[in-house]
Amino acid sequence: EKATKLGGKPQNAIDSKVPLLDPEQKAYLAGGVDGEGCVYASGNQIGITIAHTNLRWLLDIQRMTRGGRIYEHKPRGANWRPCWSLNFEKFESIDILKQILAYLYIKKTKALEALTIVDLEPYKWIL
């Protein structure tokens, strides 16, 4: 497919709007995914979820990536604190994993597995 400009996304690709992160942001985000996140792959779908009790931290990550949706999970008991999860959809996850892959440690194998099984044909320009 023809890209819109050199290195740009094909016109029919879904634009996840995840900006190009600088090395410090990539390392920070990889630490969040490694420590509090989940990289999942099911069939042709992949995603990233980061759960935490600190909403402000998740909002900072959401602003940095310009993506994802935050969901609140109600406390299960009297002593439970509220928890939120920041969920990234397939195309956001692809963009994020491609950028932070070199910085991942704990979730690197799962990230590679997720990127391997998902259908990246329309997005092979990212590779």
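No lab work stands behind these numbers, since they all come straight from the coordinates. On a predicted model such as this, the values are computed, not experimentally measured, just so you know.
State which entries of Lys26/Lys110; Lys17/Lys107; Lys26/Lys90; Lys26/Lys74; Lys17/Lys108 exceed 26 angstrom in Cα-Cα distance in the structure shown.
Details: Lys26/Lys110 17 Å; Lys17/Lys107 23 Å; Lys26/Lys90 18 Å; Lys26/Lys74 30 Å; Lys17/Lys108 23 Å.
Checking Cα-Cα distances, Lys26/Lys74 exceed 26 Å.
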Self-check item: Relative contact order (percent, whole number), the range 23-109, Cα cutoff 8 Å, 6+ residue spacing
Solution: 36
Exercise. Give me the percent of Cα-Cα pairs in the range 23-109 that sit more than 18 Å apart, rounded to a whole number.
Key: 41
